[in-house]
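The values are calculated or read from the model by the stated rules, or taken from the named source; none is laboratory data. Note that the structure is a prediction, hence the values are computed from the model and not measured. Cβ coordinates were reconstructed from backbone atoms using ideal geometry, including for glycine residues, and neighbour counts include every protein chain displayed.
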Amino acid sequence: MRRRGFITLLGATAVAWPLGARAQQPGLPLIGLLSAESADRVASQLTAFHKGLKDGGFVNGQNLTIDYRWAEGHAERLRAMAADLVRRRVAVIVTMATGANGIMAARDAATAIPIVFATGGDPVRLGLVTSVARPGGNLTGVSFFSSDLTTKAMGLLNQIAPKARVVGLLFNPNVPDSAREPADAQEAARALGLELLVLNASTDPDIEAAFATLLQRGADALVIGSDPLFGSRIDRLAALTRRHRIPAAYFRREFPDAGGLMSYGTSIVDAYHQVGIYTARILKGDKPKDLPIILSTKFEFVLNLKTAKALGLDVPNSIQLLADAVIE
């Protein structure tokens, strides 16, 4: 039996992080952190990243300066932000919650500056590195790519909401990280005897239209694809699924924290701890080309039992016992 965490949501805790450029202290290495999201949205990832840096001997403000760049959910800003970090001559660029498009923006701007990333896609297939064992260029990092994440999420959702016969997949076709998701979801749906409805969304109006189609087509449940656009709109998506009483599965635990039903995916916190460790190693002289891509193996299933009850779902004890964390 896995150990479960019983969480009571008593209120949001504000975490303050630097919002923009920071004056570099003379003599200290400068790194640039590039994110498609806002600081509050990646607070847990930031904490893990800083811990990884500390484990490697670096503390921001003591022997290191970090220049934070937040796109605030506007991914189109990433290219200009990456170019600005290059102009500042940072020693390393770290990408956080940018998706493959953001990593590519950093790569195109910084052809010689080391880049450390975390991606949900296959970094070799995406053309970011030559191989997992020997990346071969100026990029390295962590991949939490797993071809069966969508399959497992749909299987868990099916056990939690067994009456659902039509399941939607909210998918951003403009993000290369998640290109396999429709095919994986279709295979999983077929195995479970379900009908799959793929709903494309790459803008806010698309999300609204997707939910209208979901209701129109009588879908009973929803799997939300792994994409920075959706990751920066967790509260909104959670509110939409609650309002329309749709059981939904997500790829990050912040979704059930915000009132969604469940999530299944890689531990993002663990991934960014590893990103911090690699960043420290590069600051000490290691080359990205010699640092193998870390394949994340830590996964977590989070269940919001309070939401399940509100949706009229009687979650079997066997499923509750599988959860790494239960919100009730």
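Quick look at the values:
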| read-out | value |
| --- | --- |
| So ARG3, is it out of contact with any strand residue (DSSP E or B) (no Cβ under 8 Å at 6 or more places or on another chain), at pLDDT below 95 and under 23 Å from ASP227 (Cα atoms) | no |
| Subset of segment 284-308 [within 19 Å of ARG253 (Cβ to Cβ), out of contact with any strand residue (DSSP E or B) (no Cβ under 7 Å at 6 or more places or on another chain) and part of a helix (DSSP H, G or I)] | THR307, ALA308 |
| Of all residues making up segment 274-298, the number that are crowded, with 16+ Cβ neighbours inside 10 Å and either among the hydrophobic types (A, V, I, L, M, F, W, C) or in contact with a Gly (Cβ under 8 Å, 6 or more places away or on another chain) (or both) | 14 |
| Checking ALA164 against (1) in a loop (DSSP other than H, G, I, E, B); (2) in contact with a helix residue (DSSP H, G or I) (Cβ under 9 Å, 6 or more places away or on another chain); (3) over 23 Å from THR307 (Cα atoms); (4) modelled with pLDDT of 90 or more, the condition it does not meet | (3) |
| Only listed residue being surrounded by fewer than 23 Cβ atoms within 10 Å (Cβ to Cβ) and either charged (D, E, K, R) or not in a loop (DSSP other than H, G, I, E, B) (or both), chosen from ALA188, ALA209 | ALA209 |
| Selected residue [among the charged types (D, E, K, R) and either surrounded by fewer than 20 Cβ atoms within 10 Å (Cβ to Cβ) or more than 17 Å from GLY168 (Cα to Cα) (or both)] from ASP235, ASP227 | ASP235 |
| Options ARG243, ARG236; residue that is free of Cβ contacts under 8 Å to residues at least 24 places away in the same chain, in the same structural domain as ARG165 (by TED's automatic domain parsing) and charged (D, E, K, R) | ARG243 |
| Qualifying positions in segment 283-306 - over 22 Å from the mean Cα position of the chain (by Cα) and in the same structural domain as ARG253 (by TED's automatic domain parsing) | LEU305, LYS306 |
| Tally of residues being assigned to a helix (DSSP H, G or I), closer than 26 Å to ASP108 by Cα and out of contact with any strand residue (DSSP E or B) (no Cβ under 8 Å at 6 or more places or on another chain) across segment 53-85 | 6 |
| Members of segment 110-125 found to be assigned to a loop (DSSP other than H, G, I, E, B) and either surrounded by 24 or more Cβ atoms within 10 Å (Cβ to Cβ) or not hydrophobic (A, V, I, L, M, F, W, C) (or both), listed by number | THR111, PRO114, GLY120, GLY121, ASP122, PRO123, ARG125 |
| From ALA91, ALA109, ALA80, residue being touching a residue at least 60 places away in the same chain (Cβ under 8 Å), over 15 Å from the mean Cα position of the chain (by Cα) and not assigned by TED's automatic domain parsing to the domain that holds ASP204 | ALA91 |
| Identity of the residue in segment 126-161, in a strand (DSSP E or B) and aliphatic (A, V, I, L, M), that ends up farthest from ARG190 (Cα to Cα) | LEU139 |
| In segment 90-102, the residues that are at pLDDT 95 or above and out of contact with any Gly (no Cβ under 8 Å at 6 or more places or on another chain) | ALA91 |
